[in-house]
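Single-structure report; data block below.
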Amino acid sequence: MNSDAVQTFSALLALVALAGGVVTFLSLAVKAAWAETWLATVRAYGVWAMCAITATAMVGSLYFSESVGYAPCKFCWYQRIAMYAIAIISFVAALRKDNGIARYTIVLAPLGLLVSVYHYLLEWGVFNQSSSCSVEVPCTTIWFREFGFITLCFMAGCAFIAVIAFSIALLRAPTNSSQED
């Protein structure tokens with residue numbers, strides 16, 4: 001598979017993660033049978049989903065930087081710090097069947113999302129390039145723009161949104177004592 005195909009596939013995966021996050025947020029906001037079913041599924045498999053999403057993002061970022069040669073800027077590295085940490089701790093939590101990971105991911109993912117959003121706005125010229133960016137690898141470098149709007153930092157943002165949504169769903173899960181009432 002060539003890098004163009006991987007870019008398209010990665011962009012589609014990011015949109016799927018974003019859709020999962022949006023559906024989860026909607027499910028938290030409405031009282032409907034489908035929402036309860038969705039939330040039950042997220043609560044049963046959410047940690048594995050977070051692990052899959054962030055591990056895929058991690059492998060993808062390594063592929064694009066190490067195999068394709070897209071040099072990451074400083075903001076890319078900050079996003080990677082949050083993403084890689086979530087990938088590792090969510091894997092351990094999934095193996096241990098520990099939904100308590102949400103207490104940690106709900107801190108890391110919003111930080112990563114803030115960097116992703118700022119970086120994305122830098123790419124679109126909404127903000128001037130930060131002085132923290134390198135001359136060798138400017139933070140405004142866009143390696144690709146799939147479907148006209150999906151860049152690497154947009155894809156990271158989609159993953160962070162899904163992690164935030166799944167984390168909130170896990171944190172709002174009913175406790176056993178309230179289920180027995």
Worksheet entry | Most mobile listed residue (THR140, THR54, THR105) in the chain, GNM with C-alpha springs under 10 Å | THR140
Worksheet entry | Binned Cα-Cα distance frequencies in the stretch 75-155 - 10 Å width, integer % | 17, 42, 26, 14, 2
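Please compute the volume of the convex hull spanned by the alpha-carbon atoms of the chain and report it per residue in Å³.
124 Å³
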Worksheet item: Could you give the longest part of the chain that holds none of the trypsin sites (Lys or Arg not before Pro) found in DSSP loops with at most 13 neighbouring Cβ atoms within 10 Å?
Response: 98-171
Practice prompt. Would you grab the residues whose amide H sits under 5 Å from the one on ASP98? Only those 5+ places off in sequence or on another chain, please, with H modelled 1.01 Å from N.
Written response: none
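Given the rule -39500 (n - 2.57) for each run of at least 4 DSSP H residues, summed and divided by the residues of the chain, what is its mean residue ellipticity at 222 nm, to the nearest 500 deg cm²/dmol?
Theoretical 222 nm ellipticity from helices: -24500 deg cm²/dmol.
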Worksheet entry | Net charge over other residues, Cβ less than 15 angstrom from the Cβ of ARG172 (K, R count +1; D, E count -1) | +2
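Only the coordinates and a few stated rules stand behind these numbers; no lab work does. Here the structure is a predicted model, which means the values were calculated and not measured. Note that we place each Cβ from the backbone using ideal geometry, even for glycine, and neighbour counts take in every protein chain shown.
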